[in-house]
1. Rank by packing, highest mean first: peptides 218-224, 438-444, 34-40, with packing defined as the count of other Cβ atoms within 10 Å averaged across residues.
2. Arranged from highest to lowest average of other beta-carbon atoms within 10 Å per residue, in what order do the peptides 97-108, 155-166, 51-62 appear?
3. Hey, can you grab everything whose amide H is under 5 Å from the amide H of GLU93? Only 5+ residues off in sequence or another chain; H modelled, so Pro and N-termini drop out.
4. Efficiency by 1/(1 + (r/R0)^6): what FRET value for VAL207 and LEU376, r their Cβ-Cβ distance, R0 = 60 Å, to the nearest 0.05?
5. Give me the extension gain from TYR172 to ASP135: residue separation times 0.36 nm, minus the current Cα-Cα distance, reported in nm with one decimal.
6. State the Cα centre-to-centre distance between segment 150-178 and segment 36-52 in whole Å.
7. So, R0 is 56 Å and r is the distance between the beta-carbons of ARG86 and CYS448; what FRET efficiency does that work out to, to 0.05?
8. How would you order 369-376, 22-29 from highest to lowest mean count of nearby Cβ atoms within 10 Å?
Amino acid sequence: MWRNYLTVGLRAMLNNKVYAFVNVVGLAVGIAAAVLIFLYVRYETSYDKWLPASDRIVQLQTIVNPRDGETSRSSLAPRVAVESLRREFPEFEHVVGMMKARTAITHEGEARWSDVYWSDPNFFEVFDLPLVRGDPRTALRDVNSILLTESEAERYFGEANPIGQTLLVNRYGEDQPLKVTGVIADLPENTHLKIGMIARFNPDIEVDYYLTNWGAAGGYVYAKLRPGAEAADLNARIPAFEKRNLPAAEDEGSQSTDELLDFRFVGVRDIHLGASHKGSMKPGGDPLAVNAFAVVALLILGIACANFTNLTTARASLRAREVGVRKVLGATRPQLIAQFLAEAMLLAAVAALVGLAIVELLLPFFNRLLGTDLDLSYVGDSGIWAPMLLLIAVIGTVGGAYPAFYLSRFQPAKVLKSSAIGAAQGSGRLRSALVIAQFAISIGLIICAGVVYGQQNHAPAT
C-alpha cells in the first residue's frame, strides 16, 4: 500500500515539475538556513562541555566595586587565593593557579613571541587534556618543564620530536632554560581556553606582589569540585571567606579590599556566555545574541513551512475532481488521507535532503567566515537525523492536512459536477493568512537586519 502511495507521489511530482521544483527549492533553502543557524547556536552553547568532568570545574572570578566608579567583572583572580581556597573549601578536590605572560622564546638562536601560562603542577588534575606525547602525571613535576600544543610544537620544532628539547623562555628579563616534557593535542575551538604553552610555575622567581597581594588579579584560578558539591552553595560562603582573608583599609576613610573586591565561582561551561569577559583568554559570546539567532532560525523555518503549505493547499483545489474519480473507483477516505499526506511528506523529505546538501556545501565557507568549527553529524548524541525526521513529519502533516482532510470528505457525485469544483476553494482564507504572516515576518527580519547594520556602522573599530 505505501509503495503505491510513493509511486503515485513520485508520478505527481514528475507530472508537475515546476510546482515540485518551486516547492522543494523554497523549503530546502529555508531548511538549510535554519540548520546553519542552529548549528551555530549549538556550537555557542557547547563551549567546554567536551572537557572531562566539566560539570565539576569552576573558575574564580573577580568583581571590583569602587565607591565612585562602575562595577566591573573579570575572569582574572589573584594568585594568593589559591592556597586560601585549598585550605577553606574542602569541597574542592584540586585548585590550580595560572599566570599568563607574553614573552620571547628562543630556540636555536631564533626568538619568537608566544603566550606562556605558568601553572601549578596539578594542572592535569583539573583539566584532563589529551597528551599526544608525554605523561600528564609527571609532565609538570619539574620546575624547569614546559608543555606545548601540537601547533606550537610544529612551529618551533617542525616534524621533529620535541620531547627533551630545550627552549629559552624569557621571564622578568632573564632566559630560563625549560625542557619540553609533553605535547598537548590542539584544543577544539569551542573552549574558552586559549593555551599554546604551559610552563611549571616557580614561586622562587616570581614577584612577591603577585604572590601576596589580593588586589593583584593577574592570573586564572580554577578548582575541581568533589562529586555532589555545587558552586551555588560555595558562592553563599564567599562573603565569610572574604571577611577572613581580605585585608582591612589601611587609612581611615579609604575603601578596604574587602569592600572593593568580591569573588564568585562560575562553572566552566558558563564562562563563554557568562557576564565576565574582561581578561578572558578568548572573547566571550553574548547569550542574548545566541537566543536571537535561535528565534531567527525558527522564523526562517516558519516562513519556509508557510510557503510550502501555501503552495500545497493552492494546488489541492485543482485536485477535487481527482478525489471524486478515486472515490468512484473504490478509494476510501482513509486511503485518500494517507495518499495526500504521503505526497506532502515525500516533497518535504526531498526538500530536506536538498537542504542538507546545501548545508554541506556552505559549511566550510561558514566556518571560515565566523572562525568556528561547526560540524554536521547525522548520528550519535548530536546527530541531526532524528530532528530532521520529526521536521519532515511535521511539515508533511501540516502541508498535506488540507487536501487530506478537506478534499477527502467530498461526495463523488457533487465533486464531479463542474459547478462543485469551486467548493474546493475554501483554502483561500488560509492562503491569505499564510501570505500575510510570511510578509510580516520577512519585513520584521529586514528591519532588524537594518538596525543591526546601522549599529555596527556606529560602533568603534576594534
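We did not get these values from a lab; they are worked out from the coordinates using the rules stated. Because the structure is predicted, anything quoted here is derived from the model rather than measured. Please note: Cβ atoms are built from the backbone with ideal geometry, for glycine as well, and neighbour counts cover all protein chains shown.
1. Final packing ranking: 218-224, 34-40, 438-444.
2. 51-62, 97-108, 155-166
3. The answer is LYS224, LEU225, ARG226.
4. Rounded to the nearest 0.05, the efficiency is 0.75.
5. Separation in residues times 0.36 nm, less the Cα-Cα distance, equals 10.4 nm.
6. 33
7. Computed FRET efficiency for ARG86 and CYS448: 0.70.
8. Ranked from most to least packed, the peptides come out as 22-29, 369-376.
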